[in-house]
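Colleague: I'd like to ask you about the structure that follows.
The values are calculated or read from the model by the stated rules, or taken from the named source; none is laboratory data. Everything numeric here is computed off the predicted structure, so don't read it as measured data. Here Cβ is always computed from backbone atoms with ideal geometry, including for glycine, and neighbour counts include all displayed protein chains. Areas reflect the complete protein model, heavy atoms only, side chains present, ligands, DNA and RNA absent. Shrake-Rupley method; radii C 1.70, N 1.55, O 1.52, S 1.80 Å.
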Amino acid sequence: MSDKYEKVAVLGVNFTKITNRELLEQLKTDSLNHSNRFVITANPEIVLYARDNPEYLAIIKSADYTTADGIGIIKGANILKTPLPERVTGFDTLCSLLEFADKEQKSVYFLGAKPETIKKTIAKVRHEYPALKIAGYHDGYFKDAQEVTAEIKVSNPDFVFVALGFPKQEFFIAQYRQLTASIWMGVGGSFDVLAGTVKRAPLFWQKHHIEWLYRLFQEPSRFWRMLALPKYLIMVYLEKFGLLKN
Ligand code: UDP
C-alpha cells in the first residue's frame, strides 16, 4: 500500500485515509506516469470476508489504495476513534476516471457483467464519453481467462475496470495486474448501474446514508448478504472494547 497516505485499520483491513478529490488527483498522476496501480473500494462485507480468508486479506494488503466504500466503514472508523474523511465509492471513482479518460483521450478496458449488460455499458460510454478510447471489453462469464488477459495485454490500456463482484475481481486483478502498466480497479456492480439495469439510489438516499436500503428494495435477494452489516458493527464494538479475538 502507498506510504504517502495515512492508514486506518478497521477489523484488520487497512484503509487509505484519502478523500475523493485526493484519490482522483493521485490516480490522474499515476496514470500520466504510467504507474501500475491497484485500487480496492471495500465495504463491511469485504472486511468480514477478508477476516475469514487470509488469501484475500493478503490481496487487500497488496493493493495501492483501499478506500471506504460504504457508510459502514466510515461509521466503524468513527467508533474506533480513527476517522476516515469520507466515502470513496467504486461507482463515483469510476465515473470520475471515465471523465478524465474522455478529457485526456485515455484508453480503457471494461471487463465484467452479463453479456447484454456490458454491451449496454459500452454503448453508454461511447455516447457519454466520446473521446475516451475503448481498448476492449468482455463480459464477466468467460471460461478461460487467457483470451481476456491476452486482449488486455495487447491493447495495453491506461485503465482496466473489472466488474466481477468481490472477491473474484480482486483475485483476478492480483493475478494479472503485472500484464500492463495500468490503473486496475474492481468496480463490483457498477456496469449494471451504467447500463441502467440497476438504478443508483437518488441523492436523498445517498445523503441520508440509506443507499443500502434503496439497494435492498431494488434487489431483495441481497437481504442475506446485508446481514453482514449488523454482524460487522457488533465486531467493531468488540474491537473497540478489546474483546475481539483474532
Ligand atoms: N459478475 C460477473 N462474473 C461473475 C460473477 C459476477 O461478471 O462470475 C458480475 C455481475 O454480473 C455483476 C457484478 O459482477 O455485474 C457483481 O455485482 P455486485 O453488485 O454483486 O457486486 P459486489 O457488491 O459483489 O461488489
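Colleague: Inspect the stretch 93-109 for any residue being in contact with a helix residue (DSSP H, G or I) (Cβ under 7 Å, 6 or more places away or on another chain) and at positive phi and give the result as yes or no.
Modeller: No, the conditions are met nowhere in the stretch 93-109.
Colleague: For the stretch 58-92, enumerate the residues that are open to solvent by less than 10 Å² (accessible area, probe 1.4 Å) and of a type in the set (Val, Ile, Thr).
Modeller: Within the stretch 58-92, ILE60, THR66, THR67, ILE73, VAL88, THR89 meet the criteria.
Colleague: A follow-up question, please. For the stretch 191-203, does any single residue satisfy the condition of being farther than 29 Å from ILE79 by Cα, surrounded by 21 or more Cβ atoms within 10 Å (Cβ to Cβ) and in contact with a strand residue (DSSP E or B) (Cβ under 7 Å, 6 or more places away or on another chain)?
Modeller: Among the residues of the stretch 191-203, at least one is farther than 29 Å from ILE79 by Cα, surrounded by 21 or more Cβ atoms within 10 Å (Cβ to Cβ) and in contact with a strand residue (DSSP E or B) (Cβ under 7 Å, 6 or more places away or on another chain), which makes the answer yes.
Colleague: Residues in the stretch 227-240: is at least one among the aliphatic types (A, V, I, L, M) and in contact with a strand residue (DSSP E or B) (Cβ under 9 Å, 6 or more places away or on another chain)?
Modeller: Looking through the stretch 227-240, at least one residue is among the aliphatic types (A, V, I, L, M) and in contact with a strand residue (DSSP E or B) (Cβ under 9 Å, 6 or more places away or on another chain).
Colleague: Looking at LEU216, LEU244, LEU227, which one is under 21 Å from ILE60 (Cβ atoms) and either out of contact with any Lys or Arg (no Cβ under 8 Å at 6 or more places or on another chain) or open to solvent by 30 Å² or more (accessible area, probe 1.4 Å) (or both)?
Modeller: After ruling out the rest, the residue left standing is LEU244.
Colleague: From the list ASN43, ASN53, exactly one residue is surrounded by fewer than 19 Cβ atoms within 10 Å (Cβ to Cβ) and in contact (Cβ under 8 Å) with a residue 12 or more places away in the chain. Which is it?
Modeller: Being surrounded by fewer than 19 Cβ atoms within 10 Å (Cβ to Cβ) and in contact (Cβ under 8 Å) with a residue 12 or more places away in the chain holds for just one of ASN43, ASN53, which is ASN53.
Colleague: If I ask for residues that are surrounded by fewer than 19 Cβ atoms within 10 Å (Cβ to Cβ) and either over 15 Å from VAL148 (Cα atoms) or in contact with a strand residue (DSSP E or B) (Cβ under 8 Å, 6 or more places away or on another chain) (or both), which ones from the stretch 177-188 would you list?
Modeller: Hit for the stretch 177-188 is ALA181, nothing else.
Colleague: Hey, can you tell me all the residues within the stretch 105-121 that are more than 9 Å from the ligand (Cβ to nearest atom) and open to solvent by 90 Å² or more (accessible area, probe 1.4 Å)?
Modeller: GLN105, GLU116, LYS119, LYS120
Colleague: Another one. One residue is enough: does the stretch 131-147 have a residue meeting the conditions among the β-branched types (Val, Ile, Thr), free of Cβ contacts under 8 Å to residues at least 40 places away in the same chain and within 13 Å of the ligand (Cβ to nearest atom)?
Modeller: no
Colleague: Ok, one more. Under 7 Å between Cβ atoms, at least 6 apart or on separate chains: pull out the pairs that start in the stretch 3-16 with a residue that is open to solvent by 80 Å² or more (accessible area, probe 1.4 Å) and outside any loop (DSSP other than H, G, I, E, B) and end on any residue that is modelled with pLDDT of 95 or more and among the small types (Gly, Ala, Ser).
Modeller: none
Colleague: How many residues are touching a residue at least 24 places away in the same chain (Cβ under 8 Å) and within 17 Å of ARG126 (Cα to Cα) if we restrict to the stretch 67-103?
Modeller: Going through the stretch 67-103 one residue at a time, the tally reaches 9.
Colleague: On to the next question. Check off (1) closer than 27 Å to LEU32 by Cα; (2) within 16 Å of the ligand (Cβ to nearest atom) for LYS153 and give me the number that stays unchecked.
Modeller: (2)
Colleague: Continuing with the same structure: Determine whether ILE73 is hydrophobic (A, V, I, L, M, F, W, C) and in a helix (DSSP H, G or I).
Modeller: For ILE73, the condition - hydrophobic (A, V, I, L, M, F, W, C) and in a helix (DSSP H, G or I) - is met.
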